[in-house]
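Read the structure below first, then the notes.
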Amino acid sequence: MSIATPAAVPTAAVITELTSIAERIARMAGQLILEGRRSPVEVASTKSSAVDVVTAMDTASEKLLREMLAELRPLDGILGEEEGSSAGSSGITWVIDPIDGTVNYLYGIPNYAVSVAAVSGPPDPATWTVLAGCVHAPALGATYTGGAGLGAFRDGLAVRANAPQPLAMSLLGTGFGYARNRRVVQAEVIARLLPQVRDIRRLGAAALDLCAVAEGGLDLYFERGLKPWDLAAGALIATEAGASVVGLRSDRPGENLTIAGPREGVETLRGLLLELAADRDAPDVVV
Ligand code: LIP
């Protein structure tokens, strides 16, 4: 029987280098998409539903990120929202969202970002180790970075998640999926939570929701349906800022459910979400 050898933990110098690459390429892609908003933005195609949209800038931003990674880190793999995965040989994969918050981008709402993370191991939130990440929101002028064990920062200044609050005093962020049968359950869950919290925010970009937890702009956040590129960088930044980022039935966040905030608050919210079975979908609705 062979025993798997755990991947070597990169040194702080390597993590710092990966973080600086994440920031550099996220900023370049951010500049591209910000300039792209000067011309009318239109839907180029749709994905899971008619409201799950792709703009020409999603494609252009991912192309730029991939070109820069091919130059700077030719041996690494890439998993991107628009073009899927390309394998590497180094054990490191870049998990990239060329525009997180595409609907905000389409409507000119500034809450959108480029999210870039370097993970070791297969690019699966159930098992990966996120080493470095950057969430860059060009229209907000905000750049969040994090390195495993090295802290979380906004524009170079350390950020910290809020101390635990009673649920009734907690500002809770969330997001909704694109499929109607998922939204039926999400509406039910929100209806049960709204009377129990300070208030609810739906800001429209999961990576920025996680960064908001990291800097105390939200007390708590949860969402069903996050893809690896929505959460890789933001979850690292929130964790490095002292937040707990978990799933509903697993300590790993993922597509089933992601919950973030101070540990005690997360456990309270997790209990409620478990009671509500927030990780279910309604049967398909025929329109
Ligand atoms: C979106 C998220 C949003 C979430 C959507 C979607 P996209 O990412 O950031 O907050 O609710 O389900 O995942 O499609 O804009 O990259």
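Give me the residue from region 92-108 that is over 14 Å from Ala26 (Cα atoms) and in contact with a strand residue (DSSP E or B) (Cβ under 8 Å, 6 or more places away or on another chain) and, out of that set, farthest from the ligand (Cβ to nearest atom).
In the first step, residues of region 92-108 are kept if they are over 14 Å from Ala26 (Cα atoms); the result is 92-93, 101-108.
Pick out the ones that are also in contact with a strand residue (DSSP E or B) (Cβ under 8 Å, 6 or more places away or on another chain) and you get 92-93, 101-103, 105-106.
On the way: Ile92: 22, Thr93: 18, Gly101: 5, Thr102: 4, Val103: 6, Tyr105: 8, Leu106: 9 Å.
If we take residues in region 92-108 being over 14 Å from Ala26 (Cα atoms) and in contact with a strand residue (DSSP E or B) (Cβ under 8 Å, 6 or more places away or on another chain), then Ile92 is farthest from the ligand (Cβ to nearest atom).
Could you count how many residues in region 121-138 are small (Gly, Ala, Ser) and either in a strand (DSSP E or B) or surrounded by 24 or more Cβ atoms within 10 Å (Cβ to Cβ) (or both)?
If we filter region 121-138 for residues that are small (Gly, Ala, Ser), which is where we start, we get 121, 126, 132-133, 137.
Within this subset, residues satisfying the condition of being either in a strand (DSSP E or B) or surrounded by 24 or more Cβ atoms within 10 Å (Cβ to Cβ) (or both) are 132-133, 137.
Looking only at that region, the number is 3.
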- [ ] Would you mind finding the one in Arg180, Arg160 that is open to solvent by 50 Å² or more (accessible area, probe 1.4 Å), over 16 Å from the mean Cα position of the chain (by Cα) and more than 21 Å from Cys211 (Cβ to Cβ)?
- [x] Arg180
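Residue-by-condition table, conditions (1) within 16 Å of the ligand (Cβ to nearest atom); (2) under 15 Å from the mean Cα position of the chain (by Cα); (3) modelled with pLDDT of 95 or more; (4) open to solvent by 10 Å² or more (accessible area, probe 1.4 Å):
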site: Leu140; (1), (2), (3), (4): yes, no, yes, yes
site: Gly146; (1), (2), (3), (4): no, yes, yes, no
site: Gly173; (1), (2), (3), (4): yes, yes, yes, no
site: Ala207; (1), (2), (3), (4): yes, yes, yes, no
site: Gly217; (1), (2), (3), (4): yes, no, yes, yes
- [ ] Identify all residues within region 140-169 that are part of a loop (DSSP other than H, G, I, E, B) and farther than 30 Å from Leu194 by Cα; write none if there are none.
- [x] Gly141, Ala148, Gly149, Leu150, Asp155, Gly156
TODO: Only residues in region 73-91 that are within 14 Å of the ligand (Cβ to nearest atom) count as the first member; pair them with residues that are open to solvent by 50 Å² or more (accessible area, probe 1.4 Å), Cβ under 7 angstrom, at least 6 apart or cross-chain, and list the lot.
DONE: Leu79/Ser85; Glu81/Lys227; Glu82/Thr59
Open item on the list: Kindly evaluate Gly36 against the criterion of being more than 19 Å from the chain's Cα centre (by Cα) and either at pLDDT below 95 or in the same structural domain as Cys134 (by TED's automatic domain parsing) (or both).
Closed with: yes
Open item on the list: Here is a list: Arg263, Arg280. Which entry is basic (Lys, Arg), over 14 Å from the mean Cα position of the chain (by Cα) and farther than 19 Å from Val189 by Cβ?
Closed with: Arg263
Open item on the list: It is to be established whether one or more residues within region 244-257 are polar (S, T, N, Q), more than 10 Å from the ligand (Cβ to nearest atom) and touching a residue at least 24 places away in the same chain (Cβ under 8 Å).
Closed with: yes
Open item on the list: For the list (1) polar (S, T, N, Q); (2) within 16 Å of the ligand (Cβ to nearest atom); (3) farther than 28 Å from Ala241 by Cα, I need the number of the one condition that Asn111 fails.
Closed with: (3)
Task: Top-ranked residue in region 114-135 [being away from the ligand (no atom under 11 Å from the Cβ) and polar (S, T, N, Q); ranked as nearest to Leu236 (Cα to Cα)] - done: Thr129
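Only one residue in Ala233, Ala241, Ala260 is in contact with a Cys (Cβ under 8 Å, 6 or more places away or on another chain), modelled with pLDDT of 95 or more and open to solvent by less than 40 Å² (accessible area, probe 1.4 Å). Which one?
Ala233
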- [ ] Six or more apart or on different chains, Cβ under 9 Å: which pairs go from a residue in region 159-184 that's polar (S, T, N, Q) to one that's in a strand (DSSP E or B) and within 9 Å of the ligand (Cβ to nearest atom)? Could you list them?
- [x] Thr174/Glu223
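Residue-wise test of (1) closer than 25 Å to Pro110 by Cβ; (2) more than 22 Å from the chain's Cα centre (by Cα).
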residue: Val9; (1), (2): no, yes
residue: Ala29; (1), (2): yes, no
residue: Val51; (1), (2): yes, no
residue: Met68; (1), (2): yes, no
residue: Asp76; (1), (2): no, no
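The values are calculated or read from the model by the stated rules, or taken from the named source; none is laboratory data. Since this is a predicted model, take the numbers as computed values, not measurements. For neighbour counting, all protein chains shown are included, and Cβ atoms are generated from backbone atoms with ideal geometry for every residue, glycine included. Remember, those area values only see protein heavy atoms, side chains included, never the ligands or the DNA or RNA. Shrake-Rupley method; radii C 1.70, N 1.55, O 1.52, S 1.80 Å.
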